[in-house]
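The values are calculated or read from the model by the stated rules, or taken from the named source; none is laboratory data. This is a predicted model, so every value here is computed, not measured. Here the Cβ positions follow ideal geometry from the backbone for every residue, glycine too, while neighbour counts run over all protein chains shown. For the accessible areas, the whole protein counts, side chains as well, though only heavy atoms, and no ligand, DNA or RNA atoms are used. Shrake-Rupley method; radii C 1.70, N 1.55, O 1.52, S 1.80 Å.
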Amino acid sequence: MRLVLVGPPGSGKGTQAERLVQRFGLTVIGTGAMFRDAITRDTTMGRQVRPMMDQGLLVPDPIVNDVVAELFRGPARPERFVMDGYPRTYAQAIAFDALLHLEYLSLDAVINLAIHDDEVVRRIGGRRCCSNPECGVCFHSMARPPKVAGQCDVCGHPLLQRDDDNEETIRRRLGEFHKNTDDLLTHYRKQKLVDDIAATDPPDVIFQNILAALTRRNPKTQEAL
């Protein structure tokens, strides 16, 4: 199984990716997590992409494509995976298609998590994440509040709002998302790969809807459920 999750920030891609990994043993590939890790470690790439991410801008396609290509051409190339946050643009999708073709791989489905912008702002604006880089657990002021306000339940470190989680930056990120996603989805719809899933339902319902869509595409999926 090889999947791509598409959706704006805050649509629950990470949550659903984790569930798909647990259910099917897939490798989750998230370029956002890769870049945040590089920023935390203050690598050359981290210093390069931090200003863009702080402003809610997309990292340029060549940089993202190179990161993904390096992974797929390496000795630990994933055979069964779910892409979380890549590709984000039509150009990235074209590059990813070419990369998969060279590696004799193909996609099984593209799951599009649909959600209204205002709900995204509410979700992300209330998010607070652990300041301990070795923990990184995130909470939400309404949906998942910590037991002690401002303190991580897991390790006790302070919870902080990410620089890119304020409303102005969120709205800018959403603008970038919409500007790039229409052509991306059109590209995959022409390949009959897209399943549209409402991201406003509870996570359990969303996951069941994803499983149902995958089963419709390949009845053998039911055997793994």
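Pairs meeting the criteria (first residue in the stretch 27-51 and open to solvent by less than 90 Å² (accessible area, probe 1.4 Å), second residue among the polar types (S, T, N, Q), beta carbons under 8 Å, at least 6 apart or on different chains) are 46/40. Within the stretch 158-170, the set of residues being at pLDDT 90 or above, surrounded by fewer than 16 Cβ atoms within 10 Å (Cβ to Cβ) and farther than 16 Å from residue 39 by Cβ comprises just one member, 158. Taking the criterion of being among the charged types (D, E, K, R), in contact with a strand residue (DSSP E or B) (Cβ under 9 Å, 6 or more places away or on another chain) and exposed (fewer than 15 other Cβ atoms within 10 Å of the Cβ), would at least one residue in the stretch 184-200 satisfy it? Looking for residues that are among the charged types (D, E, K, R), in contact with a strand residue (DSSP E or B) (Cβ under 9 Å, 6 or more places away or on another chain) and exposed (fewer than 15 other Cβ atoms within 10 Å of the Cβ), one finds at least one in the stretch 184-200, hence yes. Of the residues in the stretch 52-61, none is touching a helix residue (DSSP H, G or I) at 6+ places or on another chain (Cβ under 8 Å) and more than 20 Å from residue 177 (Cα to Cα). Tell me, which residue of the stretch 55-72 that is open to solvent by 60 Å² or more (accessible area, probe 1.4 Å) and among the acidic types (Asp, Glu) is modelled with the lowest pLDDT? Applying the filter and picking the extreme gives 70. Taken over the stretch 73-124, the criterion of being in a loop (DSSP other than H, G, I, E, B), within 28 Å of residue 144 (Cβ to Cβ) and open to solvent by less than 50 Å² (accessible area, probe 1.4 Å) is satisfied by 85, 86, 115. Selection within the stretch 125-140: residues that are open to solvent by 80 Å² or more (accessible area, probe 1.4 Å) and in a loop (DSSP other than H, G, I, E, B). The member of this set that is nearest to residue 9 (Cα to Cα) is 133.
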